[in-house]
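Participant: To start, I am sharing the structure in question, which I have written as structure tokens.
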Amino acid sequence: MTASSLLWRMPFALLLGLALGTAAAHAAETYPDRPITLVVPFAAGGGADVVARLLASKLPAQLGGQSVIVDNKPGASGNIGAMQVARAPADGYTFLLTNSTLTINASLDMRGTPDVRQALAPVSLLVTAPVALGVNSALPARTVAELAGYIRQNNGKLSYSSCGNGTPQHFTGESFKQAAQLDMVHVPYKGCAPAVNDGLGNQVPILFSTIPNLAPHAQAGKLRMLAVASARRVSFMPDVPAIAETAPFGGLDVSVWFGVFAPQGLPAGVREKFEGAVTAAMADPAVQKEFRDRYYEIGQTGAAAMSAQIDRDLDMYRELARQSGITLE
């Protein structure tokens with residue numbers, strides 16, 4: 001029997017599968033053959049944008065010189081850009097670079113949030129920015145324990161700021177309150193910058209924000225950074241304690257992570273090639289220094305780390321929302 005007659009006798013579904021498999025293999029071999037787009041679902045200048053542009057500048061060296069373009073698509077708490085990627089062709093030329101907002105939106109069932117498991121596929125965790133606890137320098141507290149005591153002495157009279165309702169900073173503040181049964185008022189802002197500005201002006205003297213937002217002002221002596229909300233101290237600020245080191249805050253661990261997703265259905269060979277390029281770029285000591293100079297912590301990268309972070313986030317934020325009554329419209 002000739003090869004051609006054998007092909008005629010094969011079921012159509014099998015022939016189609018062979019053809020698609022051959023096409024996918026060829027796509028992986030030649031990938032990438034045109035520019036790649038990193039969609040950032042937030043405005044230019046923010047944390048995700050900074051991470052995206054730094055990564056995009058390093059990836060061409062790992063992708064045969066092919067360029068990587070950053071495309072900002074802000075709106076709806078990151079959902080507009082995320083949904084755009086979820087609906088994009090799964091061909092390896094459109095990726096989403098976002099942060100913890102995605103899993104918070106999913107945990108709180110925010111309308112318009114793409115299914116983080118069914119519509120998107122994790123490619124790589126990149127960096128984290130632990131939420132930090134800061135106070136105006138006029139406040140007498142210099143440690144987490146002293147701050148908790150000061151809040152108790154001024155029961156219900158003090159307020160803390162966050163970058164907005166339902167943000168990681170808001171969740172950290174509520175976790176802090178619940179762990180020690182403290183009474184203080186949450187003041188949400190439309191962004192981190194105005195929250196920090198009012199902390200500098202002592203209008204809202206207690207701040208939960210990320211290290212990049214607080215560190216420059218702490219170094220200038222205008223704010224005092226008491227601790228970070230990660231499970232352990234960060235490598236670039238070993239003298240700043242973790243909130244978890246002080247009882248009863250041992251379980252407090254909230255960081256803002258940044259990672260890359262692809263549309264669901266990306267061919268395995270293409271995904272592995274892009275993930276490998278990201279991992280190689282992030283492993284470069286010079287790149288790691290650039291991130292740490294910007295107060296970002298580099299941990300384990302890759303799709304497995306990203307998937308584990310998503311699972312942890314979904315469980316944690318759902319439970320924290322239930323305990324604190326946090327909701328999103």
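Participant: Quick one: length gained pulling R152 to A76 fully straight, 0.36 nm per residue minus the C-alpha distance? Working shown, then result.
Facilitator: On the way: separation 76, 0.36 × 76 = 27.36 nm, distance 3.69 nm.
Value of the extension gain: 23.7 nm.
Participant: Over the alpha-carbon set of the chain, divide Rg by the Kirkwood Rh and report the Rg/Rh ratio to two decimals.
Facilitator: That ratio is 1.07, to two decimals.
Participant: Using 7 Å Cα-to-Cβ label points, what is the S67/A138 separation (nm, one decimal)?
Facilitator: Between S67 and A138, the label points sit 5.1 nm apart.
Participant: Next up: Rounded to whole Å and sorted largest first, list the principal axis extents of the Cα atoms in region 214-329.
Facilitator: Largest to smallest, the principal-axis extents are 48, 40, 26 Å.
Participant: At 1.4 Å probe size, with the rest of the protein present, what percent of the exposed accessible area of the chain is carbon and sulfur atoms?
Facilitator: Details: 7840 of 14580 Å².
Heavy-atom surface of the chain belonging to carbon and sulfur, 1.4 Å probe: 54 percent.
Participant: Compute the orientation-averaged projected area for region 52-127 from the convex hull of its Cα atoms and round it to one decimal in nm².
Facilitator: Values: hull surface 21.2 nm².
That works out to 5.3 nm², a quarter of the Cα hull's surface.
Participant: Another question, then. With each pseudo-label sitting 7 Å past Cα toward Cβ, what's the E245-N165 distance in nm, one decimal?
Facilitator: 3.6 nm
Participant: A further question on this structure: Please compare each pair in K157/K190; K73/K222; K177/K289; K73/K273 to a cut-off of 27 Å on the Cα-Cα distance and tell me which ones are over it. Intermediate results must be reported in sequence, preceding the final value.
Facilitator: Values: K157/K190 23 Å; K73/K222 34 Å; K177/K289 35 Å; K73/K273 25 Å.
Check vs 27 Å cut-off fails for K73/K222; K177/K289.
Participant: Using a simple charge model, +1 on the beta-carbon of Lys and Arg, -1 on the beta-carbon of Asp and Glu, nothing else, what dipole does region 130-245 show about its Cα centre, in debye to the nearest 20?
Facilitator: Details: 9 positive and 6 negative charges, 15 e Å.
My answer is approximately 80 debye.
Participant: Right, next: Given a Förster distance of 22 angstrom, what is the FRET efficiency for L200 paired with A286, based on the Cβ-Cβ distance and rounded to 0.05? Intermediate results must be reported in sequence, preceding the final value.
Facilitator: Numbers: r = 33 Å, r/R0 = 1.51.
Working from the Cβ atoms, E equals 0.10.
Participant: Based solely on its DSSP helices, what 222 nm [θ] is calculated for the chain when runs of n ≥ 4 H residues each add -39,500 (n - 2.57) and the sum is averaged over all residues, nearest 500 deg cm²/dmol? Write out the running numbers ahead of the final one.
Facilitator: Values: 12 runs with 141 residues, N = 329.
Result for the chain: -13000 deg cm²/dmol, rounded to the nearest 500.
Participant: Placing +1 at every Lys and Arg Cβ and -1 at every Asp and Glu Cβ, with all other atoms neutral, what dipole size does the chain have around its Cα centre, in debye to the nearest 20?
Facilitator: Numbers: 25 positive and 25 negative charges, 55 e Å.
Computed about the Cα centre, the dipole is about 260 debye.
Participant: For region 130-245, place one equal point scatterer on every Cα, skip the solvent, and apply the Debye formula. What is log10 of I(q)/I(0) at q = 0.15, 0.19, 0.21 Å⁻¹?
Facilitator: Calculated log10 I(q)/I(0) at the listed q: -0.55, -0.94, -1.18.
Participant: Further question on the same structure: In a GNM of the chain with a 10 Å cut-off on Cα contacts, which of G64, G92, G251 has the highest mean-square fluctuation?
Facilitator: G64
The values are calculated or read from the model by the stated rules, or taken from the named source; none is laboratory data. These numbers come from a predicted model, not from an experiment. When we count neighbours, we look across all protein chains shown, and the Cβ atoms used for this are built from the backbone with ideal geometry, even at glycine. Areas reflect the complete protein model, heavy atoms only, side chains present, ligands, DNA and RNA absent. Shrake-Rupley method; radii C 1.70, N 1.55, O 1.52, S 1.80 Å.
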